[in-house]
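S.K.: Handing you a structure now.
What follows draws every value from the coordinates through simple rules; no lab data is involved. Just so it is clear, the structure is predicted and the values come from calculations on it, not from any experiment. Glycine gets a Cβ as well: all are built from the backbone with ideal geometry, and neighbour counts include every protein chain shown.
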């Protein structure tokens, strides 16, 4: 504070002149504004720019999330539309050998078509799904021998082909018994399942 009177005395002649006084006031006002801009307004502007950038990023994230929600909604609708088909696929290509149910289907076909099942021989029958190899689609060959009148045997073969579970008939050979009117059909086929 001691230096203030000397400082004031040095500038007193300038302050007495009204034009110089106005310019000095203007210069000090501008200096104050510059200091305020540097120390007060600049951090505020930086914060505004950062918030705008964050808002833009969050808008992009919201847009991406809305697209994902839309895709999930569409996937859910598609799943609901094909849900019944999934059970058909599961029946056509079961997840394990399931030969008990397949044998039951063959027995039903035998009684439905009025033929006799003389023999049924499965080749390479897995005892469980753990014994299957790493292939996705597995198959088991089998031979079925049925006996009956020709139209009934033919009906049995058609019914076997049309089972919900995939059955691929490879070969059918017929032999006729003299005088009985019955035929014996030796059917070589393959059935499939889906190994996980």
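S.K.: Grab the DSSP H runs of the chain that are 4 residues or longer, score each as -39,500 (n - 2.57), total them, divide by all residues and round the 222 nm result to the nearest 500 deg cm²/dmol.
M.R.: -20000 deg cm²/dmol
S.K.: Mind checking the angle between helix 18-36 and the chain's longest principal axis? C-alpha axes, 0 to 90 degrees, to the nearest 10.
M.R.: 20 degrees
S.K.: Here is a follow-up. I'd like the orientation of helix 3-16 relative to the chain: the angle between its Cα long axis and the longest Cα principal axis, in ° from 0 to 90, rounded to 10.
M.R.: 80 degrees
S.K.: Hey, another quick one. Could you check the simple spin-label distance between residue 90 and residue 108, using points 7 Å along Cα→Cβ, in nm with one decimal?
M.R.: 1.7 nm
S.K.: While we're here: Sort 96-105, 54-63, 144-153 for me by packing, meaning the mean count of neighbouring Cβ atoms within 10 Å per residue, highest on top.
M.R.: Packing order, densest peptide first, comes out as 144-153, 96-105, 54-63.
S.K.: Taking Cα atoms, how many degrees apart are the long axis of helix 150-161 and the longest axis of the chain, rounded to 10 and kept between 0 and 90?
M.R.: In the chain, helix 150-161 runs at an angle near 20 degrees to the longest axis.
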